[in-house]
1. So what's the back-of-envelope 222 nm ellipticity for the chain, counting only DSSP H runs of four-plus at -39500 (n - 2.57) apiece and dividing by all residues, rounded to 500?
2. Compute from the Cα atoms of the range 262-337 the Rg and the Dmax, the latter being the longest Cα-Cα distance, and quote both in angstrom.
3. Suppose R0 equals 35 Å; then what is the FRET efficiency for V165 and T371 from their Cβ-Cβ distance, rounded to the nearest 0.05?
4. For the chain, calculate the relative contact order in percent as a whole number, restricting contacts to Cα pairs under 8 Å that are 6 or more residues apart.
5. With every atom except the alpha carbons ignored, what do you get for Rg and Dmax of the chain, in angstroms?
6. Full-extension gain between K335 and L181, please, as 0.36 nm times their residue separation minus the C-alpha to C-alpha distance.
7. What is the projected area of the convex hull of the Cα atoms of the range 342-402, averaged over all directions, in nm²?
8. Please list log₁₀ I(q)/I(0) at q = 0.24, 0.27, 0.29 Å⁻¹ for the range 237-295, using the Debye equation with identical point scatterers on the alpha-carbon positions.
Amino acid sequence: MSDAKGVRRAAFWLVLLAAAGTFALTMGTRQSMGLFLSSLNTSTGLGLGSISLAFAFGQLWWGLTQPFAGALADKYGAGRVLALGVVLLMIGTFITPYMTTTLGLIFAIGVLAAGGSGMAGPAVLMSASVRMIDPARRGMAIGIVNAGGSFGQFATAPLAAALIVGIGWGNAMQALALMTLLCLPAAWVLRGNAVTMGGATAQKPAGAGQAVRHALRNPSYLLLGAGFFVCGFHVAFLAVHLPGVVAACGLPPQWGGWALAMLGLFNIIGSLGIGWAVGRWRSKSLLSLIYAARAIAVLVFLFAPKSGTVVLVFAAVMGLTYLSTVPPTAGLVTKFFGPANMATLFGLVMLTHQVGAFFGSWLGGRVFDATGSYDWVWYIDIVLAVGAALVHLPIREERLPRSSVAAAAAA
């Protein structure tokens, strides 16, 4: 009996390691691209606005791939989708230094790399993990997978900055591209679809179209997507333009790499912490708290003196809330509709996230070109964060029963 329990526990951690490791490499590569923004601008002479458009399109395309990748994973298995996504991410990142036009950058960064990263993104990774985990432990499992992406950013950003200094920005980007191929073994571990991962007695899940139509008639699901739009705006602006914000403060470029690293490091803490909290408090309340904290942190940063210490503290606070919205959001999708079509339905919510990400990435460059400052983007971010804190309050979510809280505490 104890041997069987040990085997199940080993399988549990193997799946989480594969999912978190894949998210670490794909997310780390994507979130480090802001470090190459200045070099791309110098090399191509296209202007910050045009290059930001390529990054913004990538944010949107990453989101567009999520529901379709999720539907394919639900039907044909996560392993095949993940393997194809990793290869596309590698190719798109590797050829980016050869692109000299806006259309070329959109193709490399916005179509190939972003699309591949979306196929190997959270919708597929989290749904593959959730299907073999009992409900009491799902919040923590999603938090662990989410923390993997944060660790990837923490580890990859300073590595990318060092490679840029050591071997040049083009070679550094191609080195990151080849590093993503380390994800391929995880595709085998995470193989399986909604039926095979549910066991022999699992019922055939509803079709993707039927599941989406049902979800779009649920007001709470729509409110959840509206809040996640704001998260996308905030996250993409930080990922792409935080190094530029640091440079605008008059600090050396290395501080931009360390700010991104702090963002990733503290997001690990935030992701694990929120994964723990999901089993104890209602997810909608946690989401309102996260968005309110963002608004307050940005407001304080705007009026604080812009020293290196202040920038790193700000990045750390932002890191605590950066992707900590993902576990409660994914958890609510599972609560609303069950795990069978989670990849599809969470992927659709991720699409709204990336629509917001498009505007966060694109407006950052446009506003800076027009005003020479990022201040107006911060003002928009504060208003949106307050709105997101309020929009989650009407979501219909039952209070957690005492037995679930006790089970989460024992897990």
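1. Taken over the chain, the calculation gives -26500 deg cm²/dmol.
2. When restricted to the Cα atoms of the range 262-337, Rg and Dmax are 13.7, 47 Å.
3. After rounding, the FRET efficiency stands at 0.70.
4. In percent, rounded to a whole number, it is 28.
5. Taking only Cα atoms of the chain, I get Rg and Dmax of 20.1, 67 Å.
6. That pair, K335 and L181, stretches by 52.0 nm at full extension.
7. 6.0 nm²
8. Summing over Cα pairs of the range 237-295 leads to -0.95, -1.05, -1.12.
Just so you know, all these numbers are worked out from the coordinates, no wet-lab data involved. A quick note: this is a predicted structure, and the numbers were derived from the prediction, not measured. Here the Cβ is made from the backbone with ideal geometry for all residues, glycine too, and neighbour counts use every protein chain on show.
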